[in-house]
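Scroll down for the structure; my scribbles are underneath it.
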Amino acid sequence: MSQSESTRRTAAGSSGPKSLSTYLDQIRDNPAEFRTVSRAVNPMNFEVTALLKHLDLRGEYPTVQFNNPLDMHGKPSKFPIVTNLWATRERCAEACDVPRSEAGGQLGVRFAEFAARKIKPEVVSSDNAPVHANVLQGKQADMWTLPAVRHFEMDLGGVLTMGLTARAPGENFYNTTFVKTFPETGYRGGLTIHSAHMSRMLRLWEKSGQRFPVINVLGHHPAFWIGTLNSTPWGDDEYATAGGFLHEPVRLAPSVTWGKDFLVPADAEIIIEGEIGPGSRSVVDPFGEISGQYQPQQFAPLMEVTAITYRNGALFQDIFSGHREHMLMASVPREGSIYNHLKEKLGNVVAVHLPFSGCARFTVYISIRNGGDGQAKQAGIQALAHVPNLHVAVIVDEDIDVFNEEQVLWAVNTYVDPNRDIDHIKNVRPPSDPRGLGSDRLIIDATRPTHIPFPTRLRVPPEAMERVRPEEWLDSAKKG
Amino acid sequence: MEMRLFWSTCPQCKKAFVVAWELRNAGVKLICPFCDHRYLPDESAAIDERH
């Protein structure tokens with residue numbers, strides 16, 4: 001079914017509860033931020049990711065809406081694909097009502113503030129839940145009617161890349177984590193559950209002998225997702241955390257399958273409701289992951305679909321995995337979390353950055369004041385312990401900009417004595433995948449040595465820098 | 001310590017893909033991501049299981 005872009009604008013503009021459409025209304029008139037593709041595309045034949053990769057190679061990172069994709073049956077889908085939402089720090093900021101001018105180092109700190117400011121969700125009736133405008137059950141609840149994207153050449157097939165929401169048996173808090181769904185048929189699919197909380201929930205449900213209820217949320221306002229990506233303790237309700245980022249309560253409605261026993265986001269685009277039977281497993285992967293490598297084929301829990309619901313004019317959200325949006329959507333909240341942790345433990349942290357070169361997951365650059373007396377190593381130990389997926393911590397002085405990798409590597413190359421300043425910690429944690437350093441960790445103290453006489457950095461006197469103004473001193477280009 | 005994996009070459013299309021070690025002797029058929037052929041690991045056209 002072909003629909004024009006105009007029919008996909010929200011009827012009420014940007015008013016009403018926040019949703020993916022209300023966010024897109026903020027950016028859709030800026031071609032640097034939002035582009036559309038109206039020709040028919042086959043996402044299972046890599047046509048979505050090929051276009052995104054071309055843009056990536058050109059250094060362009062707009063959100064892209066594919067208005068006329070094919071579904072997994074090869075038929076025209078009623079759901080346009082929206083992807084590459086979080087590909088710039090500025091869009092991550094704007095989505096959470098933070099000015100674009102604050103998209104640098106302070107953004108993670110703002111996000112940490114939002115994460116601490118829980119807003120209790122609001123429960124509405126199913127009649128007031130846009131996501132229940134259309135309800136499919138039985139043979140109609142067919143995941144293959146969705147325009148799932150096959151991202152990379154070795155991927156097993158089309159994959160649903162968005163979040164899975166669940167709760168533990170007997171508990172009332174909900175956890176959302178990004179989980180890949182591999183629809184092996186329209187009615188069942190393997191789920192790559194890896195996060196600590198979701199894995200614990202799976203174990204608890206299997207131990208209870210009951211079927212594990214889960215929902216796959218395929219589209220919501222970007223602030224909803226950024227909120228759920230914070231590292232929160234077991235017991236925290238991530239619907240409440242997401243409210244802190246949306247600056248309004250997440251609206252919830254009783255699910256179609258379990259009623260009030262499982263509440264679903266009322267303003268989501270598309271929701272798949274399903275259950276995992278105890279011990280039920282499927283074969284999933286390979287899939288191109290955050291590390292820029294393929295995750296190997298493996299076992300995964302098998303979900304059986306019980307219902308699919310969607311709002312009128314629903315959009316199907318996807319993530320360009322292994323690329324900037326995949327990296328930024330979780331790295332910025334983690335930067336804030338590490339900053340606050342170090343501030344509490346040591347007090348001398350200046351800035352924290354998870355660089356793209358470390359897949360925005362595995363390496364952290366930390367600048368601190370007064371790095372002597374073991375402070376740099378303390379910062380590294382604290383950071384690695386706080387975020388288990390980190391493999392390498394590089395600590396620099398406050399005059400090094402952690403968002404400028406050239407400066408960080410200069411400090412590594414000129415200040416580091418490998419015998420003294422690099423610590424290799426072995427067998428910290430069993431690896432969950434073969435990437436990076438596996439179970440080992442590295443701390444690199446790249447602060448200027450203070451225990452011995454040591455040179456200082458080059459500096460043109462500040463007084464001279466102030467006095468000499470290039471725009472006044474240089475001859476005009478014509479004369480040169 | 002590294003997570004162990006192996007490469008299997010599909011007996012039908014002869015393309016290779018990466019597999020977690022948990023599937024090596026599980027008695028479960030692998031699924032070729034290139035041609036969807038299903039086969040047991042021992043039926044691979046080639047296996048690289050160096051460790």
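Every number in this text was worked out from the coordinates using simple rules, so none of it is lab data. Here the structure is a predicted model, which means the values were calculated and not measured. Methodologically, a virtual Cβ is constructed for each residue, glycine included, from the backbone with ideal geometry; neighbour enumeration extends over all protein chains shown.
Worth pointing out:
- Charge dipole (debye, nearest 20) of segment A:94-181; +1 at Cβ of Lys and Arg, -1 at Cβ of Asp and Glu: 160 debye
- Lysines with Cα under 20 Å of B:Lys15, excluding same-chain neighbours fewer than 8 positions away: B:Lys29
- Helix A:47-57 axis, angle to chain A major axis (alpha carbon atoms, nearest 10°): 10 degrees
- Considering only B:Leu23, B:His37, B:Trp7, the residue lying farthest towards the positive end of the dipole of chain B is B:His37, judged by Cα position with unit charges set on Cβ.
- One decimal place: the segment A:Leu474-A:Asn419 gains 15.1 nm when fully extended, by the rule 0.36 nm per residue minus the C-alpha distance.
- Highest average packing first - B:37-44, A:335-342, A:184-191, Cβ atoms within 10 Å: A:335-342, A:184-191, B:37-44
- Virtual paramagnetic centre 7 Å along Cα→Cβ of A:Lys345, amide N under 19 Å, in segment A:233-253: A:233-234
- Each of A:Gln137 and A:Asp261 was given a label point 7 Å from its Cα along the Cα-to-Cβ line. The distance between the two points is 1.4 nm.
- With the charge dipole of chain A set up from +1 on Lys and Arg Cβ and -1 on Asp and Glu Cβ about the Cα centre, the Cα lying farthest toward the positive end among the listed residues A:Ile193, A:Ser282, A:Pro418 is that of A:Ser282.
- DSSP bridge pairs, the protein assembly as shown: antiparallel proportion in percent, nearest 5: 75 percent
- Computed from Cα positions, the angle between helix A:324-345 and the longest principal axis of chain A comes to roughly 60 degrees.
- Using just its DSSP H runs of length 4 or more, each adding -39500 (n - 2.57), the protein assembly as shown gives a mean residue ellipticity at 222 nm of -7000 deg cm²/dmol after division by all residues.
- Two-site label geometry, B:Lys29 and B:Glu49: point separation in nm, points 7 Å out along Cα→Cβ: 2.0 nm
- Straight-line cross-link partners of A:Lys345 among the lysines, defined as a Cα under 16 Å from its Cα and at least 8 positions apart when in the same chain: A:Lys377.
- Placing a label point 7 Å from the Cα of A:Arg203 along the Cα-to-Cβ direction, the residues of segment A:218-238 whose backbone N falls under 16 Å from that point are A:234-235.
- Distant-in-sequence amide H partners of A:Thr306 (H built 1.01 Å from N, under 5 Å): A:Glu273, A:Gly274, A:Glu275
- With 25 Å as the limit on Cα-Cα distance, the pairs of A:Lys18/A:Lys260; A:Lys18/A:Lys75; A:Lys120/A:Lys180; A:Lys18/A:Lys343 that go past it are A:Lys18/A:Lys75; A:Lys120/A:Lys180; A:Lys18/A:Lys343.
- For a straight C-alpha distance cut-off of 19 angstrom, the aspartates and glutamates reachable from B:Lys14 (same-chain residues fewer than eight places away being disregarded) are A:Glu153, A:Asp155, A:Asp285, B:Asp36, B:Asp42, B:Glu43, B:Asp48, B:Glu49.
- Scattering curve values for segment A:5-324, log₁₀ I(q)/I(0), Debye with Cα scatterers, q = 0.07, 0.15 Å⁻¹: -0.24, -1.31
- Rounded to the nearest 20 debye, dipole of the protein assembly as shown from Cβ charges on Lys, Arg, Asp, Glu: 560 debye
- Remark: the Cα gyration tensor places segment A:44-161 in the oblate category, a/c being 1.5 or greater and a/b not exceeding b/c.
- Extension gain for A:Ala385 to A:Asn172 (0.36 nm times residue separation, less C-alpha to C-alpha distance): 73.9 nm.
- Residue-by-residue Karplus 3J(HN,Hα) for segment A:359-367, coefficients 6.51, -1.76, 1.60, Hz, glycine and proline x: 6, 6, 9, 9, 10, 10, 9, 10, 9
- Each Lys and Arg Cβ is given +1 and each Asp and Glu Cβ -1; about its Cα centre, segment B:5-48 then shows a dipole of about 100 debye.
- Segment A:346-445 - share of DSSP beta bridges that are antiparallel (%, nearest 5): 45 percent
- Placing unit charges on the Cβ atoms of the charged side chains and taking the dipole of chain A about its Cα centre, the candidate lying farthest along the positive direction among A:Val349, A:Asn84, A:Pro296 is A:Pro296.
- Three-way shape label, chain B, alpha-carbon gyration tensor, a/c 1.5: prolate
- Helix A:196-208 vs. chain A, principal-axis angle (Cα, 0 to 90°, nearest 10): 40 degrees
- Restricting segment A:66-137 to chymotrypsin sites (Phe, Trp or Tyr not before Pro) in coil, as DSSP defines it, with at most 10 other Cβ within 10 Å: none
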